[in-house]
Amino acid sequence: MIAALLGALLVDRLLGEPSRGHPLVVFGRWADALETRLNHDRRLAGLLAVALAIGPPVAITAGLVHLASAWSAGIGWTLAGGVAALCIGYRSLSDHVRAVARPLAAGDIEGARRAVACLVSRDTGTMTAPAIRRAALESLLENASDAVFASMFWFALGGLIAGPGGASAAVVCHRLGNTLDAMWGYRTPALARFGWAAARLDDGLNWLPARVTAFVFVLCGRPRTALACWRTQASACASPNAGPVMSAGAGALGLRLGGGAWYHGQWTERPVLGCGRPPRDADLARALALVARASAVWCVLIVGVGLAWA
């Protein structure tokens, strides 16, 4: 399991996500078709849509990996590692943040707005440079937990419990649940009830990984400040998982994030997270370095747990 996970991380770092034919593109079309047919503004319909969206891909992936591992454990873990490489989004996340940093450094606000729009769901058309920096940093911290560390967590846990098939099933379930939350989890009139199940599933899958990530940010940055921000600010955030991650991450960086923003044409007040000064352009690189240190700590933790389990 450890070798498969470390290999998946290496493949993701070197190659990133495929530019064409990514399985998530196919999944997105499947999810869109389900929403068109089932979105009748009812929570039960949303629950059914989540089951229909996630169940078949998880079952097919786990079944194929299980068959491969029955033939050869090495082939099974290799295939499971390939699945994990498609689910872990470290390289993609880093590339998107750097795509925001470059135009900001060049004074190209329009270019930075277009780039940050790939990271956040808030309205970006009139964003100022300070707002772009905050949005990019908040997205980096939250998605490092959701798209990187939580995927590592579920792959490791599934692998320890049920071998290659379990690792594949767990990491695919998490990644698809996170994707559905990004598609359906908004509190808009059209999705308020239908998207409830996707949002709650994502909250549940990320609850423990988010708190481990917050703890790792405490270790990798300014421990006292990060821990104080986590303890005093996390509960003010609407998201039960983004609050710990972003408050601890902002505190670890010694930056002040959060504050109001435009979402879907409406101004939304949000709590201030972290403490210290507002972010500068160079802080995007500092935040990427924090996430890199956190990924190393996560690897050490998983290797330690895996060796102890064995």
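The values are calculated or read from the model by the stated rules, or taken from the named source; none is laboratory data. What you see is a predicted model; the values in this text were computed from it and never measured. Note that we place each Cβ from the backbone using ideal geometry, even for glycine, and neighbour counts take in every protein chain shown.
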**Message:** Looking at Gly125, Gly163, can you tell me which residue is on the phi > 0 side of the Ramachandran plot and more than 20 Å from the chain's Cα centre (by Cα)?
**Reply:** Gly163
**Fill in**
Of the candidates Gly82, Gly165, the one satisfying the condition of being surrounded by fewer than 24 Cβ atoms within 10 Å (Cβ to Cβ) and either modelled with pLDDT under 95 or touching a helix residue (DSSP H, G or I) at 6+ places or on another chain (Cβ under 7 Å) (or both) is Gly165
**Fill in**
Scanning the stretch 105-122 residue by residue, the ones that are among the aliphatic types (A, V, I, L, M), more than 20 Å from the chain's Cα centre (by Cα) and within 28 Å of Thr179 (Cβ to Cβ) total 1
**Prompt:** Among (1) part of a helix (DSSP H, G or I); (2) more than 30 Å from Ala3 (Cα to Cα); (3) of a type in the set (D, E, K, R), which single condition is Asp146 missing?
**Reply:** (2)
**Asked** What do you reckon, is Pro209 under 30 Å from Met1 (Cα atoms) and touching a Lys or Arg at 6+ places or on another chain (Cβ under 6 Å)?
**Response** no
**Prompt:** Just one of Gly249, Gly177, Gly158 is in a helix (DSSP H, G or I) and closer than 19 Å to Val291 by Cα; which is it?
**Reply:** Gly249
**Request:** Using the structure shown, decide if Leu227 is more than 21 Å from the chain's Cα centre (by Cα), buried (at least 17 other Cβ atoms within 10 Å of the Cβ), among the hydrophobic types (A, V, I, L, M, F, W, C) and assigned to a helix (DSSP H, G or I).
**Result:** yes
**Request:** Kindly establish whether Ala182 is crowded, with 24+ Cβ neighbours inside 10 Å and part of a helix (DSSP H, G or I).
**Result:** no
**Message:** I'd like the full set of residues that are farther than 16 Å from Ser139 by Cβ, of a type in the set (Asp, Glu) and in a helix (DSSP H, G or I), limited to the stretch 95-115.
**Reply:** Glu110
**Prompt:** In the set Ala4, Ala45, Ala70, which member is modelled with pLDDT of 95 or more and assigned to a helix (DSSP H, G or I)?
**Reply:** Ala4
**Prompt:** Scanning the stretch 185-224 for residues that are touching a Ser or Thr at 6+ places or on another chain (Cβ under 9 Å) and part of a loop (DSSP other than H, G, I, E, B), which turns out surrounded by the most Cβ atoms within 10 Å (Cβ to Cβ)?
**Reply:** Gly195
**Message:** Condition first: of a type in the set (Lys, Arg) and assigned to a helix (DSSP H, G or I). Now tell me which residues in the stretch 270-310 satisfy that.
**Reply:** Arg286, Arg293
**Request:** Test Thr188 against the stated conditions and say whether it is touching a His at 6+ places or on another chain (Cβ under 8 Å) and not aromatic (Phe, Trp, Tyr).
**Result:** yes
**Item:** The lone exception for Leu24 - which of (1) closer than 24 Å to Ser168 by Cα; (2) outside any helix (DSSP H, G or I) it fails
**Value:** (2)
**Request:** Considering every residue within the stretch 52-75, establish whether at least one is in contact with a Lys or Arg (Cβ under 8 Å, 6 or more places away or on another chain) and buried (at least 17 other Cβ atoms within 10 Å of the Cβ).
**Result:** no
